[in-house]
1. Loop sites only, by DSSP: take the GluC sites (Glu not before Pro) in the chain that have at most 16 other C-beta atoms within 10 Å and name the longest stretch containing none of them.
2. Give me the number: length gained by fully extending Thr59 to Lys225, i.e. 0.36 nm times residue separation minus the C-alpha to C-alpha distance, one decimal in nm.
3. For the chain, set up a Gaussian network in which alpha carbons nearer than 10 Å are linked by springs, and say which option among Ser303, Ser163, Ser283 fluctuates the most.
4. Using a Gaussian network for the chain with springs between C-alpha atoms less than 10 Å apart, which of these wobbles most: Asp168, Asp15, Asp268?
5. Note down the net charge around Thr40, summing +1 for each Lys or Arg and -1 for each Asp or Glu among other residues with Cβ under 14 Å from its Cβ.
6. What full-extension length gain, to one decimal in nm, is calculated for Glu80 and Arg190 as 0.36 nm per residue of separation minus the Cα-Cα distance?
7. For the chain, what does the alpha-carbon gyration tensor say about shape, rounded, prolate or oblate, given a ≥ b ≥ c as the root eigenvalues, a/c under 1.5 as rounded, and a/b over b/c as prolate?
8. Under the definition of Cα pairs under 8 Å and six or more residues apart, what whole-number percent is the relative contact order of the chain?
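Read the figures in this text as sums done on the coordinates, not as results from a lab. Since we're looking at a predicted model, the values are computed, not measured. Positions of Cβ are backbone-derived with ideal geometry, glycine not excepted, and every protein chain shown enters the neighbour counts.
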Amino acid sequence: MVNNKLLNLITNKTDGGKRIDQFISQNSELSRQRISNLITNGYIFLNDEVVTLKKIKLTGDNEKIKIILPEPIEETLEPENIPLNVIYEDDHILVIDKQSDLVVHPGAGNKTGTLVNAILHHCGSSLSGIGGQKRPGIVHRLDKNTSGLMIIAKNDLAHNNLSRQFMDHGKSGDLERIYDALVWGVPKTRSGKIETKITRNDRDKTKMMVTKNTKNGKLAITTYKVIEKVYNHKNDPLISQIRCKLYTGRTHQIRVHLEHIGHPVICDQKYGKGYNTKLKLLSDEHRKQLKIDRHALHSSKLSFKHPISDELMKFESKLPDDLNMLKNVLSEI
């Protein structure tokens, strides 16, 4: 029996020996974190007794578990009327084509002007709550200066399903994330696979780096294909447009991997500083036209199973105007 405030579950013999949080997770759409919070706040009962520990083991003898689901807490962040390019929307998900220069999630120093603030305004009362709060479910992120496709969950049911798909990275499902990047130079091979370990940079904690340390490093896999080579006025190869596919989801993965193979993303102030001298070749007029303060990376394709209908959803986004202009202007150097 389920309504907005109460969930009742009954165990059977096959549940004997399971932890109560494991059982609830398997028989509901509640996340482990949400279950833990409900236990901490006294909202879960086992045979009418308040559950105080999530590691309590069940006997499987028709135990009655009652879960009180409190009304979602209103988000303390302010909704803001920030323009959004909405590609698709229904009661459960929202797919947008994010503009560059937009931070996804509020953090220290940026409580306003973020994608979350924009979604709170756009969705209004249609957000039923994520983890007990009325807020959008961010299941994957794009860097502030990365543009392109993003999916947002509007309720717990969609959030939990999509989170599982993104954690799986398409190994056993239909999730696919593809990015287009403009990079300096042209790789020796037209396509390839980059497989490394990535960890936090020792000297700069805001950066990531490739490492050979098997203990600290996390596996990161990216494949790439050269889509277009761009030549300068002397007909020398200057830059290329590369299409990358992610098989893991490490922070700054594509940017780190492309720097690692010697072809950093154009205008990447964090991983491609050594190539900034090339931008000085641009005329003052061209520099005024271009947004060279944002790296040339765009989320161009996104595929996943709809969290409710199980329908395969596919979305594409063309390279935005500012990156096309960058490509054209650099060809004149």
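1. Between the exposed loop sites, the longest stretch runs 81-310.
2. Taking Thr59 through Lys225 to full extension adds about 54.3 nm, to one decimal.
3. Sorting by GNM fluctuation, first place goes to Ser283.
4. Asp15
5. Taking every other residue near Thr40 into account, the sum is +3.
6. 35.2 nm
7. prolate
8. Details: 669 pairs, mean separation 47.4, N = 333.
Once divided by the residue count of the chain, the mean separation gives 14 percent.
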